[in-house]
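The values are calculated or read from the model by the stated rules, or taken from the named source; none is laboratory data. No experiment lies behind these values; they were computed from the predicted model shown. Here the Cβ is made from the backbone with ideal geometry for all residues, glycine too, and neighbour counts use every protein chain on show. Note: areas computed on protein heavy atoms with side chains; ligands, DNA, RNA excluded. Shrake-Rupley method; radii C 1.70, N 1.55, O 1.52, S 1.80 Å.
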Amino acid sequence: MATIREFQVTFDCADPQRVARFWCEVLGYVKAGQPEDENGWSACTDPTGAGPRLFFQRVPEGKVVKNRVHLDVRVGTGLVGDERLAVLQAERKRLEALGATCFQVLLADGVDESCIVMQDIEGNEFCLD
């Protein structure tokens, strides 16, 4: 049996070009594969080759329920307490300026460290972790 080492994450969305630009800014990715046009899809890739390709496809229906899969944007790795929360809040501000919204701030509780639940420009949930 073959081992799969590459995968892409696919987003259903109304405006693939716009959502791809948003995620390029969030992750430092670059647009991939094709110029901006109205073909119903867009993609972006990690310029280092380390992260997965993100693919955005136009669908007619809007988002109606919570995502079953989401991205964790790992900006606080290795940090704890107030230092971690400060880094997460700074990234939250940067992403809100790009059009993201904050859904919920989950503060450290003695078991889990703080994280922030966000939504991208089309309402897809992701976490600042």
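Name the pairs whose Cβ atoms lie under 7 Å apart, with the first residue in region 75-103 and free of Cβ contacts under 8 Å to residues at least 60 places away in the same chain and farther than 27 Å from Arg18 by Cβ, the second open to solvent by less than 40 Å² (accessible area, probe 1.4 Å) and of a type in the set (S, T, N, Q), and 6 or more positions between them or separate chains?
Within 7 Å, the pairs are Arg84/Ser114; Leu85/Ser114.
Of (1) of a type outside the set (Gly, Ala, Ser); (2) closer than 21 Å to Val117 by Cα; (3) out of contact with any strand residue (DSSP E or B) (no Cβ under 7 Å at 6 or more places or on another chain); (4) not in a helix (DSSP H, G or I), Leu54 satisfies all except one. Which?
Every condition holds for Leu54 apart from (3).
Which condition from (1) modelled with pLDDT of 90 or more; (2) open to solvent by 70 Å² or more (accessible area, probe 1.4 Å); (3) in a loop (DSSP other than H, G, I, E, B); (4) not hydrophobic (A, V, I, L, M, F, W, C) is the one that Glu36 breaks?
Glu36 satisfies all of (1) modelled with pLDDT of 90 or more; (2) open to solvent by 70 Å² or more (accessible area, probe 1.4 Å); (3) in a loop (DSSP other than H, G, I, E, B); (4) not hydrophobic (A, V, I, L, M, F, W, C) except (1).
Can you find a residue that is under 21 Å from Arg18 (Cα atoms), touching a residue at least 40 places away in the same chain (Cβ under 8 Å) and not basic (Lys, Arg) anywhere in region 40-53?
yes
Please enumerate the residues belonging to region 73-92 that are out of contact with any Leu (no Cβ under 8 Å at 6 or more places or on another chain) and within 16 Å of Glu125 (Cα to Cα).
Arg74 - this is the single residue of region 73-92 that is out of contact with any Leu (no Cβ under 8 Å at 6 or more places or on another chain) and within 16 Å of Glu125 (Cα to Cα).
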